[in-house]
């Protein structure tokens, strides 16, 4: 319970993603820039991947399935999938395999960045 506060940013960010996905039209869909949507998905989920790593950091799990990298990748990917399915039911939105791919690549990038950035080492080693 002492590390619950590290999970709060990921939970709040997931709520923001859900809220944005519930809008009939995404704010950036108005812009006529080709494929900016995929960059937004990648960036959005890279941040989410870093927050998931923060939430699961400090785990000294021996089993592969309990390690922070695996848990973050799994949960982030499942959340991205559920987000795309959710968008299927929102008027004016679509469920896209390409958006899901950008989400997964974003999670991978976020996990990789978390492991590389020195500012997060204290959480990983705690």
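Data overview
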quantity: Residues satisfying the stated conditions in segment 100-117, i.e. crowded, with 17+ Cβ neighbours inside 10 Å, closer than 10 Å to residue 41 by Cβ and more than 9 Å from the chain's Cα centre (by Cα); calculated: 100, 102, 105
quantity: Residues of segment 1-37 that turn out to be part of a helix (DSSP H, G or I), farther than 15 Å from residue 106 by Cβ and at pLDDT 70 or above, as a count; calculated: 10
quantity: Residue 90, sole failed condition from (1) surrounded by fewer than 19 Cβ atoms within 10 Å (Cβ to Cβ); (2) in contact (Cβ under 8 Å) with a residue 24 or more places away in the chain; (3) assigned to a helix (DSSP H, G or I); calculated: (3)
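The values are calculated or read from the model by the stated rules, or taken from the named source; none is laboratory data. Worth saying up front: this structure is predicted, and the values here are computed from it rather than measured. Cβ coordinates were reconstructed from backbone atoms using ideal geometry, including for glycine residues, and neighbour counts include every protein chain displayed.
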